[in-house]
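One structure is given here, and the rest of the page talks about it.
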Amino acid sequence: MSASAKLAAGGFALHPAARLWEAGVAVALHPVAGTALIADRPGAAALMAALALGSGFRIGGDAPVVAGPGAFETLTSGSSGQPRRILRSVESWRAGFAVNARLFGIGPGVAVAVPGRLMHSLSLYGALEALELGADLHLLDGLRPDRQRAALAAGRVEVVYATPAQLRLMADAGGPLLPALRLVVVGGSKLDPALRAALRAVAPAAALREFYGAAEASFITLADDTTPEDSVGTAYPGVRIAVRDPAGRDLPDGHVGEVWVQSAYLFQGYAGDDPGSARWQDGWLTVGEMGRLDRPHLRLAGRAGRMVTVADQNVFPEEVEAFLESLPGVTRAAVLPRPDALRGQVLVAVCTGDPAAEGDVLRACRDRLGPLKAPRAVIWRVDWPVLASGKTDLSRIAADIGGLPWR
């Protein structure tokens, strides 16, 4: 099927100007059709198989594909459990491609890189967008972080789609500066101040554009250098945002409630037996995130599913994690509840960094967050378990500390 025929049929298509490199080696663009369930490695072969089908595919996972013509499947990051299968239309991503062509200047001759595995939707999105818009795509999955950084320099890459975890590894790996890099599109979580500074040193000309989104909703907000530190930015073009109470009523600005979105970028539903956490109401979607609008900015509190009640006060671990990662001596943090006879539950922090800073870290948390939100203890670890997306593997950390003393 030709590229124009695929577009008419609602499938992804390959722009005639597109070019592809994998691990620094040029790859011929010859889409070859195969099965609907596509292995994510090697990445170039996975993309060629997906483009040959145009739609009705999934990269990664092992369950049968249910997506039909004009649709496809992706996987959630699985940060709180097993990855869920996301069913969405090709047009829901193509609408974002059109916006980003204008917003980010992606098109023929522009070098775009994705360091992550294509089973992660951020990497797959960046890769398919580059190929459909005619850009030069560099797949860096499988390379060591220092070699990824060297490949960015050698390919004079201008745009990178990455998570903070991937960027941190490349920044820490050492290597050449990246003067050609003009844009870093960051998804998955917010950049901490130390990583932001490191990226500016490595790529001084690069704009950092963090977005808040979800596999179910794609882009929701976009942040830039003018965005307040405690905000995830303003609505991405074409997105409407509302914050609502449990009865579904819109809340005034400044009030914390459930975040709902409406856009052309939303998914169709979950594939498989898992009912998922997203809910629909009159064309609006929520993934269970709590936050508040201080127009035009959105400020997030955390996932409703992670909310912890400490002495009758609702606490969002994400708020505590963000503060911990802003402190000297802490590089990564996860905050989890532990049973407590007096308060019902209390919080414990699991961190990487410098254990000698523990006293200062606990004092700073008590001073800033108060006695209920502040972690009662810190458990230090050398390694940091992450998922394919680069997000923290909370399930693994919870299992690892299950039998550890902490008082």
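Any read-out appearing in this document is the output of simple, stated calculations on the displayed coordinates, not a laboratory observation. Being a predicted model, the structure only gives us computed values, none of them experimental. Using ideal geometry, Cβ is built from the backbone for each residue, glycine included, and neighbour counts are taken over all protein chains shown.
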#### Entry: Simple spin-label estimate for residue 345 and residue 251 in nanometres, 7 Å along Cα-Cβ
1.8 nm
### Task
Read phi for every residue in the range 39-44 and hand back ³J(HN,Hα) as whole Hz from Karplus 6.51 cos²θ - 1.76 cosθ + 1.60, θ = phi - 60°, with x for Gly and Pro.
5, 7, 10, x, x, 4
## Note on the structure
Applied in sequence order to the range 164-170, the curve 6.51 cos²θ - 1.76 cosθ + 1.60 (Karplus, θ = phi - 60°) yields integer Hz couplings, x standing for Gly and Pro, of x, 4, 5, 5, 4, 4, 5
### Query
Could you list log10 I(q)/I(0) for the range 318-407 at q = 0.14, 0.15, 0.20, 0.26 Å⁻¹, which the Debye formula gives when each Cα is one point scatterer?
-0.46, -0.53, -0.95, -1.51
### Task
Give the residues of the range 215-233 whose amide nitrogen is closer than 15 Å to a point set 7 Å from the Cα of residue 200 in the direction of its Cβ.
224-229
## Note on the structure
Given Cβ charges of +1 for Lys and Arg and -1 for Asp and Glu, the option among 86, 121, 173 whose Cα lies farthest towards the positive end of the dipole of the chain is 173
### Query
Taking +1 at the Cβ of each Lys and Arg and -1 at the Cβ of each Asp and Glu, which of 148, 264, 198 sits farthest along the dipole of the chain towards its positive end, judged by Cα position relative to the Cα centre?
148
### Message
Give me the dipole magnitude in Debye, nearest 20, for the chain about the Cα centre, with unit charges on the beta carbon: positive for Lys and Arg, negative for Asp and Glu.
### Response
200 debye
### Message
Report D for the chain in µm² per second (integer): Stokes-Einstein, Kirkwood Rh on Cα pairs, 4 °C, 1.567 mPa s.
### Response
59 µm²/s
### Task
Name all residues of the range 189-216 having a backbone nitrogen under 18 Å from the label point set 7 Å from the Cα of residue 103 along its Cα→Cβ direction, giving them as ranges.
189-191, 207-216
### Query
Counting pairs of alpha carbon atoms under 8 Å apart in space and at least six apart in sequence, what relative contact order in percent does the range 3-300 give?
14 percent
### Phi-based couplings in Hz for the range 194-207 (Karplus 6.51, -1.76, 1.60; Gly and Pro marked x)
5, 5, 4, 5, 5, 5, 5, 6, 6, 10, x, 8, 7, 7
### Query
Mean residue ellipticity at 222 nm from the helices of the chain, using -39,500 (n - 2.57) per DSSP H segment of n ≥ 4 over the full residue count, to the nearest 500 deg cm²/dmol?
-7500 deg cm²/dmol
#### Entry: Check: the range 137-207 dipole with +1 on Lys, Arg Cβ and -1 on Asp, Glu Cβ, in debye
100 debye
### Helix 145-154 vs. the chain, principal-axis angle (Cα, 0 to 90°, nearest 10)
40 degrees
